[in-house]
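Here the structure is laid out as structure tokens; the discussion comes afterwards.
The values are calculated or read from the model by the stated rules, or taken from the named source; none is laboratory data. Note that this is a predicted model, so its numbers are computed, not measured. Backbone-built Cβ (ideal geometry, glycine too); neighbour counts: all protein chains shown. Accessible surface areas use protein heavy atoms only, side chains included; no ligands, DNA or RNA. Shrake-Rupley method; radii C 1.70, N 1.55, O 1.52, S 1.80 Å.
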Amino acid sequence: MKPNPRNERGLAESAHCFESAAPPMNTAADSTMRYREALELLRPRAQDHVLRWWAELNEAQRARLLEEIASVPWDVVDRLIPSHVLGRPATPSLANLQPAPVFPRTAPAGKEAYYRDAENLGCKLLRETRVAALTVAGGQGTRLGIDGPKGAVVVTPAGHRTLFELFAAAIVEQRRRSAAPIPWYIMTSPANHEQTIEFFRARGWLGLPREDLFFFSQGMLPAFDRHGRLLMEARDRLSLAPDGHGGTLKALARSGGLTDMRRRGVEIVSYFQVDNPLVRPLDPLFIGLHARTGSEMSTKVLPKAEDLECVGNLCLRDGKLAVIEYSEFPEALAHARNADGTRRFDSGNAAIHLLNVPFVERVSGHLLPYRRAEKTVPCIDDEGRTVRPTAPNAVKLETFIFDVLPLAENPLLFQIERAEEFSPVKNPTGVDSLESSRRDQIRRACRWLEAAGVAVPRRADGTPDVDVGIDPGFALEAADVAAKRERIPPLRAGDTVWIE
Ligand code: UTP
């Protein structure tokens, strides 16, 4: 009972696609045999309740349930139930935290030539196809409350562009500038894999050659009740969730993604999340600094919006670079100040990383720490009735990509300006929302336009009075706008304008 890799148009894309992974079950005898196998697996683990409704399931439902059972990484689950579901994982000591050194976005005095050379090196690595883009898009997007891939959500203030379209436009433009076939790796989950591919296919692969897109699917883990029993979403379905963005490393190895990178000569992966419309997917200066300093993994960091902002804190723990989640970060340290009044720990995780391919190969077999989260998960009860709990009823387990940072040689932190590069879409409204991100996109577009000498209508309180957006194909950074000044129409108050 092992899931098979699925091929889509002959390309290796997924190692975990449960729906088409099952060998067809032709006969009732087949199904009975597989039922017995499943029972043998489940009974010693006291998880055989998941087969409770077997007698009333049709053959297709049985096949699906068996396939889901087979997809569970039982060795991991056996290990995690006592330590992480029934118990609490040991947290590493936070006694010895120190701020980590950071490279600023603009060259400090005396370092101008160093930065210039680094940027040139970044451009050269892009031209030589030694860098690839990688988007993690396997999350469930529960806070946004969407059905389907988050990358397919329209996020721009004008132009009706989706997240995937924005990233694709930036990659197409960088390919044009570099005159190189820069590949793009996209991690999905079994829950959105097909829909993601269909989204790209229906839009002509978003202007990219099909052979330079590599879709791969991450692993799933079951949700548990507090007694360590697997929760069920329906009588024929386990309650499964993606295993966290830390799953990228294993999924890349398993899917053939790493082999594909090797084949193309890719040495550095530019990793970003699907939810940030302001991200620069391929940043030559960041890439160049990463390569020049011999870093195996580099991370963009943000000055924090407030002491207790809900972002991970990049700092040194026992001399090693690590991300300490906001929920674990000691409050006294979050409020600590330097002699000049600035925040002592001021490196928030922007979730934009560069990872060397040999580093990924080295750590992909490494066991990342599992994080335990108590969540509210709709499920069925022992009578098979759907329950919609109002308080957390489930334990979910995930690994995080940044937990490999302490294993990296010469890790580098690169400070970015939040308003320029970071405004994630996590919620429909409020902080980190569709609403706040649209506002931030307009503000950035207006800054870039004004820097190029374009008049921007503003309200009395100074906020832009125009819904304007700039296509990444038109400008990847402010300087590009100045170079195309004559192509920009005059902006009138109340206009909705997409500049492309
Ligand atoms: P989030 O932690 O914001 O989770 O993921 P999410 O699933 O998108 O949203 P919620 O928490 O359900 O509302 C940050 C990034 O990591 C990816 C997401 O797709 C997003 O790009 N991710 C997260 C994965 O690719 N796989 C995962 O298992 C979890």
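Between the C-alpha center of region 166-186 and that of region 91-128 there is a gap of 23 Å.
Efficiency by 1/(1 + (r/R0)^6): what FRET value for Glu409 and Ala180, r their Cβ-Cβ distance, R0 = 22 Å, to the nearest 0.05?
0.25
Placing one equal scatterer on every Cα of region 133-208 and applying the Debye formula, the log10 ratio I(q)/I(0) at q = 0.15, 0.17, 0.24 Å⁻¹ is -0.53, -0.67, -1.21. Spin-label model, Glu361 to Glu37: label points 7 Å out along the Cα-to-beta-carbon direction sit 3.3 nm apart.
Here the accessible area is traced with a 1.4 Å probe on the protein chains. For region 58-151, carbon and sulfur cover 53 percent of it.
Multiplying the residue separation of Ala455 and Val154 by 0.36 nm and removing their Cα-Cα distance gives an extension gain of 105.7 nm. Surface composition of region 232-389: carbon plus sulfur atoms hold 48% of the accessible area, using a 1.4 angstrom probe and ignoring ligands, DNA and RNA. For the set Asp307, Asp147, Asp382, solvent exposure ranked by accessible area (probe 1.4 Å, protein chains only) runs largest to smallest as Asp147, Asp382, Asp307.
Heavy atoms of the protein chains alone define the surface here; on that basis region 292-431 has 43 Å² accessible area per residue at 1.4 Å probe size. I need the calculated FRET efficiency for the pair Arg45 and Asp381, taking r as the beta carbon distance and R₀ as 22 Å, to the nearest 0.05. Result of the calculation: an efficiency of 0.60.
Remark: region 200-337 is approximated by an ellipsoid whose semi-axes, taken from the C-alpha gyration tensor as √(5λ), come to 30, 28, 16 Å, largest first. Computed with every protein chain present, the accessible area of Met33 is close to 100 Å² [probe 1.4 Å].
Convex hull of alpha carbon positions in the chain: directionally averaged projected area 25.7 nm². Within the same chain, lysines fewer than 8 places from Lys111 are excluded, and of the rest, those with a Cα less than 23 Å from its Cα are Lys124, Lys300. Estimated at 0.36 nm per residue, the fully extended path between Val102 and Arg343 surpasses their Cα-Cα distance by 85.4 nm. With a simple spin-label model that places each label point 7 Å from the Cα along the Cα-to-Cβ direction, the separation between Glu306 and Gln140 comes to 2.8 nm. In whole angstrom, note down how far apart the Cα centers of region 413-459 and region 202-256 are. With region 413-459 and region 202-256 each reduced to a Cα centre, they are spaced 31 Å.
Taking the C-alpha atoms only, the angle from helix 434-451 to the longest principal axis of the chain is near 20 degrees.
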